[in-house]
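Asker: Would you mind keeping the following structure in view while I ask a few things?
The values are calculated or read from the model by the stated rules, or taken from the named source; none is laboratory data. Keep in mind that this is a model prediction, so the values were computed, not measured. Every residue, glycine among them, receives a Cβ derived from its backbone with ideal geometry; neighbour counts consider all protein chains shown.
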Amino acid sequence: MTERKLAILQIAQGLFMEKGYTATSVRDIAKSAGVEPASLYSHINGKEELLDRTCFEMAEKFLTGIEEVNDIYFDAAQKLKMAVDTHVNILTNHIDAAVVFQRDWRHLNEVRRSEFIELRNAYEDGFRVIVQNGIDEGLFSEVDVKFAALTILSSLNWIVEWYDPKGKLTASEIAANLFNFTFTGLKK
């Protein structure tokens, strides 16, 4: 991706975060990028391309992270800590993209939305594996694995609604607190 296209993507992510995908026009993106709307099309096909790239690049970051965690030979508690750390770091290091990823994926076209849901489900499955391993290892209580994974992910994903890079807690502190609460709820 060219530097200019990357800059346009980042501008669009900021606008999508601030205004929402549907309320942001190509004209808004062009104005913020300092170009005429017609010349913006020499860099992108449309705002749909920017949404698609944002959602799928974020999904890839999350999937790579959970696959790396589940490939390591650690116990489930250590894997859960690593998975939480990875998730929080991805969200907080890419907050604009993370907000778009969380809120606007529903605006992908039907085919891409289906592909996106498959990736999201694969990511959720990575957390289910950790929870099931924890049960099998005797570290976690017998719980509904799907419900536990969804609860963990809901807690993690809510970060995009309140995280402030200038706030009291660092990303590492947030991850540690979320892990401690989650682990406390799961452990035997």
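Asker: Against the definition (crowded, with 20+ Cβ neighbours inside 10 Å and either touching a His at 6+ places or on another chain (Cβ under 8 Å) or of a type outside the set (Ser, Thr, Tyr) (or both)), how does ALA7 come out, yes or no?
Answerer: So ALA7 does not fit the description; no.
Asker: Name the residues in region 57-71 that are hydrophobic (A, V, I, L, M, F, W, C) and within 15 Å of PHE127 (Cβ to Cβ), would you?
Answerer: Scanning region 57-71 gives ALA59, PHE62, LEU63, ILE66, VAL69.
Asker: May I ask you to verify whether GLN102 is polar (S, T, N, Q), assigned to a helix (DSSP H, G or I), closer than 30 Å to THR24 by Cα and out of contact with any strand residue (DSSP E or B) (no Cβ under 8 Å at 6 or more places or on another chain)?
Answerer: Taking the combined requirement at face value, the residue satisfies it.
Asker: Another one. Would you mind stating whether LEU91 is surrounded by 21 or more Cβ atoms within 10 Å (Cβ to Cβ) and either basic (Lys, Arg) or closer than 30 Å to PHE140 by Cβ (or both)?
Answerer: yes
Asker: Which members of region 18-43 meet the condition of being under 29 Å from ASN121 (Cβ atoms) and buried (at least 20 other Cβ atoms within 10 Å of the Cβ)?
Answerer: TYR21, THR24
Asker: Find the residue count for region 48-74, including only residues that are touching a Gly at 6+ places or on another chain (Cβ under 8 Å) and either exposed (fewer than 15 other Cβ atoms within 10 Å of the Cβ) or modelled with pLDDT under 95 (or both).
Answerer: Within region 48-74, residues that are touching a Gly at 6+ places or on another chain (Cβ under 8 Å) and either exposed (fewer than 15 other Cβ atoms within 10 Å of the Cβ) or modelled with pLDDT under 95 (or both) number 1.
Asker: What are the residue pairs meeting all of these: first residue in region 146-159, first residue under 14 Å from ASN121 (Cα atoms), second residue assigned to a helix (DSSP H, G or I) and among the charged types (D, E, K, R), Cβ atoms under 6 Å, and 6 or more apart or on different chains?
Answerer: These pairs meet every condition: ALA149/GLU124; ALA149/ARG128.
Asker: Since VAL88 meets every condition but one in (1) hydrophobic (A, V, I, L, M, F, W, C); (2) assigned to a helix (DSSP H, G or I); (3) over 24 Å from GLY14 (Cα atoms), which condition does it not meet?
Answerer: Condition not satisfied by VAL88: (3).
Asker: Based on what the data block shows, is THR86 under 21 Å from TYR163 (Cβ atoms), among the hydroxyl-bearing types (Ser, Thr, Tyr) and under 21 Å from the mean Cα position of the chain (by Cα)?
Answerer: For THR86, the condition - under 21 Å from TYR163 (Cβ atoms), among the hydroxyl-bearing types (Ser, Thr, Tyr) and under 21 Å from the mean Cα position of the chain (by Cα) - is met.
Asker: Of all helices (runs of 4 or more DSSP H) completely enclosed by region 106-188, which ones contain at least 1 residues that are over 19 Å from the mean Cα position of the chain (by Cα)?
Answerer: Output list reads 110-136, 145-157, 171-186.
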